[in-house]
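> My questions will all concern the structure given below.
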Amino acid sequence: MNLVWSAKFTSAASRVIRRDAKLLSEIERTLARLAAGPPQFPLRAHKLKGESAGTWSCSLNFELRIPFEFVKSSETSEVEINWLTTGTHDEVD
């Protein structure tokens, strides 16, 4: 699957990495796992409800989440993963 980064995701990921540089490898590993195929159990990927219905979220670690959505590319008609942002559960709610 192709990965698409929103500007908000790039900004939020930079902020998270500035707080703890070790998180860069966790972010990269998480993105690679999701790009490899369907959401896997270790990522605890799940659909969100309420105002965020239609969006998914996965765990980067115990504290951090990455919300994302599956979108169909207008150019290739392939399903892509659109990364929305990253942060703590409270920050991304």
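The values are calculated or read from the model by the stated rules, or taken from the named source; none is laboratory data. Quick caveat, the model's predicted, so the values are computed rather than measured. Methodologically, a virtual Cβ is constructed for each residue, glycine included, from the backbone with ideal geometry; neighbour enumeration extends over all protein chains shown.
> Report yes if some residue within region 37-55 is within 19 Å of ASN2 (Cβ to Cβ), surrounded by 12 or more Cβ atoms within 10 Å (Cβ to Cβ) and either in contact with an Asp or Glu (Cβ under 9 Å, 6 or more places away or on another chain) or acidic (Asp, Glu) (or both); otherwise report no.
yes
> Of the numbered conditions (1) closer than 13 Å to PRO67 by Cβ; (2) modelled with pLDDT of 85 or more, PRO39 fails exactly one; give the number of that condition.
PRO39 satisfies every listed condition except (2).
> Out of all the residues in region 77-86, is one or more of a type in the set (S, T, N, Q), modelled with pLDDT under 90 and surrounded by fewer than 12 Cβ atoms within 10 Å (Cβ to Cβ)?
Checked region 77-86: at least one residue is of a type in the set (S, T, N, Q), modelled with pLDDT under 90 and surrounded by fewer than 12 Cβ atoms within 10 Å (Cβ to Cβ).
> So, one more: Residues in region 13-45 that are within 18 Å of GLU91 (Cβ to Cβ) and either under 11 Å from the mean Cα position of the chain (by Cα) or polar (S, T, N, Q) (or both): how many?
4
> OK, next. Could you check how many residues of region 60-70 are modelled with pLDDT under 85 and either more than 23 Å from ILE17 (Cβ to Cβ) or crowded, with 16+ Cβ neighbours inside 10 Å (or both)?
1
> Among the residues of region 51-93, what is the count of those that are of a type in the set (D, E, K, R) and touching a Ser or Thr at 6+ places or on another chain (Cβ under 6 Å)?
Selection size over region 51-93: 4.
> Now for a different question. Before we move on, is THR30 among the hydroxyl-bearing types (Ser, Thr, Tyr), in contact (Cβ under 8 Å) with a residue 40 or more places away in the chain and surrounded by 12 or more Cβ atoms within 10 Å (Cβ to Cβ)?
Against the criterion (among the hydroxyl-bearing types (Ser, Thr, Tyr), in contact (Cβ under 8 Å) with a residue 40 or more places away in the chain and surrounded by 12 or more Cβ atoms within 10 Å (Cβ to Cβ)), THR30 does not qualify.
> Regarding GLU78, is this residue of a type in the set (Asp, Glu), out of contact with any strand residue (DSSP E or B) (no Cβ under 6 Å at 6 or more places or on another chain) and touching a residue at least 40 places away in the same chain (Cβ under 8 Å)?
Considered against the rule, which asks whether it is of a type in the set (Asp, Glu), out of contact with any strand residue (DSSP E or B) (no Cβ under 6 Å at 6 or more places or on another chain) and touching a residue at least 40 places away in the same chain (Cβ under 8 Å), GLU78 comes out as yes.
> When you scan region 8-36, how many residues do you find that are more than 17 Å from GLU63 (Cβ to Cβ) and touching a helix residue (DSSP H, G or I) at 6+ places or on another chain (Cβ under 8 Å)?
Of the residues in region 8-36, 2 are more than 17 Å from GLU63 (Cβ to Cβ) and touching a helix residue (DSSP H, G or I) at 6+ places or on another chain (Cβ under 8 Å).
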